[in-house]
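The values are calculated or read from the model by the stated rules, or taken from the named source; none is laboratory data. Because the structure is predicted, anything quoted here is derived from the model rather than measured. Glycine gets a Cβ as well: all are built from the backbone with ideal geometry, and neighbour counts include every protein chain shown.
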Amino acid sequence: MKKAALLSMLFFLMCGNAVHAGEGRIYGATFSTTYLLYIMAPDLIAGWNGPLRDYEKKYIPERYHNLPVLGGWYGQGMTPNKETLLSSGIDKAFILEHERIATDKMKTALEGLNIKTYTLKASGISDYPELFLNLGRILGRDGRGKELAGYSVSAMKRTAEAVSGIPAEKRKRVYLAIDNHGLISRCAGTGASEAIEIAGGVNVHDCGGRKRSSNEKISLEQVLLYDPDVILVTDKTFYKNIFKDSGWKRIRAVREGQVVYIPGEPFSWLDKPAGFMPVMAAQYLSCRFYPDRCAIDIEEETKKFLSLFFGYEADGGTVREILDGK
C-alpha cells in the first residue's frame, strides 16, 4: 500500500464510522472465509467447513471445537449439503471474491436458499484493512474491525518502510515451494505472492502477466534456471528433506542454507487458506530476507499477533516451535 493510502486509512480508523446491523448466525463459503469470520465474531459462526485439525484446536477455545461441520466450496467439486445449511439457522453468508465464475456459483447457490449473501473483495492482503472495517459494520462489531484493520495497516506500513530504498537489483529473488516435493508454486503478482513483494522480495516465477491463483507445476530444472537467492517452503516434511535431496542440492540457495520455512499455525501464513495470515508473513519474511533492516522482534510480534487475532497467549517456547516448524 502506498504511504498516502496508509495514512488515509489510519485517519479513517481514528475517526470511526459505525453502522451496526443485527446479529445472527453466519456462514463462510470457504475455509479462508470461515477463519476470517471466526477471528471477527467467533460467537456468531454457525459451523466449520470441515473438522478442525488437532494443531488448530490448540489456538481455538474448546467451546468452538464441536461446532457443526457444514461443508463448503473448496475444490474437487465439493459443495455443501443444502439441507444441512437450511437447518443451521444461518442469517448471513460470506464469500471472499476469487475467480469470478466460482464466486458467482457460490452466491447463486446461497441466495437460492434465501440466505443474505455478501461478497467481499480479498484478492490480497492490501484489501484486508478495508475488509475488516466492512465486516465490522455488517456484523455490528465495528470496534473489532477497526482493531484488526489498524494492526494490518501499521504492520504493512512498518514492513514497507523497513525495506524501502533497496534497489531492484539488490532485492532477494525468491522461489515459493508449496507442496511436499517443492515443485508447485504460484505466479508473481498473485495474492499468495503479495507478502513476498511487500517484504522486499521478487517472486522469480513470473507468469508473463497471467495472474493465476491456482497451483503452478514447476520442474526442478526450471528452479535451477531461476537460481533464486531464497527458497520459501510451506511443507514441514519437504523442509526437513530439501537439504538431503541430491537434486535440490544443485540449487545455490539450498547449498548456501537460504531456505526459509513458512509457519503453518494456527493456519498457513502464506499458502491456502492463508487469508489474513500473510499480514504476519510479510513481517516475518522481511526479517528473514533483510535481518539488518528488521523493524521488529519477530518472536514478540508473533506473540502480539496471536493474542490480537486469536486471543491466544503464547509463551516463548510455543512461538519458537511455530517459527521453526517443529
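Quick notes on this one:
- Top-ranked residue in the stretch 46-71 [being over 20 Å from the mean Cα position of the chain (by Cα) and in a helix (DSSP H, G or I); ranked as farthest from residue 268 (Cα to Cα)]: 63
- Any hit, the stretch 128-142, residues being out of contact with any strand residue (DSSP E or B) (no Cβ under 7 Å at 6 or more places or on another chain), without any contact (Cβ under 8 Å) to a residue 60 or more places away in the chain and surrounded by fewer than 19 Cβ atoms within 10 Å (Cβ to Cβ): no
- The one condition in (1) more than 30 Å from residue 224 (Cα to Cα); (2) out of contact with any Pro (no Cβ under 7 Å at 6 or more places or on another chain); (3) modelled with pLDDT of 95 or more; (4) assigned to a helix (DSSP H, G or I) that residue 94 fails to fulfil: (4)
- Test: residue in the stretch 58-74 that is charged (D, E, K, R), without any contact (Cβ under 8 Å) to a residue 12 or more places away in the chain and exposed (fewer than 15 other Cβ atoms within 10 Å of the Cβ): yes
- Residues that are surrounded by fewer than 21 Cβ atoms within 10 Å (Cβ to Cβ) and within 18 Å of the chain's Cα centre (by Cα) within the stretch 22-31 comprise just one, 31.
- Residue in the stretch 238-246 that is assigned by TED's automatic domain parsing to the domain that holds residue 186, surrounded by fewer than 15 Cβ atoms within 10 Å (Cβ to Cβ) and part of a helix (DSSP H, G or I) present: yes
- Residue in the stretch 8-26 that is touching an Asp or Glu at 6+ places or on another chain (Cβ under 9 Å), at pLDDT 90 or above and more than 29 Å from residue 321 (Cα to Cα) present: yes
- Count of residues meeting criterion [in contact (Cβ under 8 Å) with a residue 12 or more places away in the chain and not in a helix (DSSP H, G or I)] in the stretch 281-310: 4
- Any hit, the stretch 132-144, residues being outside any helix (DSSP H, G or I) and closer than 18 Å to residue 277 by Cα: no
- Pairs meeting the criteria (first residue in the stretch 209-230 and farther than 21 Å from residue 285 by Cβ and in a loop (DSSP other than H, G, I, E, B), second residue basic (Lys, Arg) and at pLDDT below 95, beta carbons under 9 Å, at least 6 apart or on different chains) are 212/186; 214/186.
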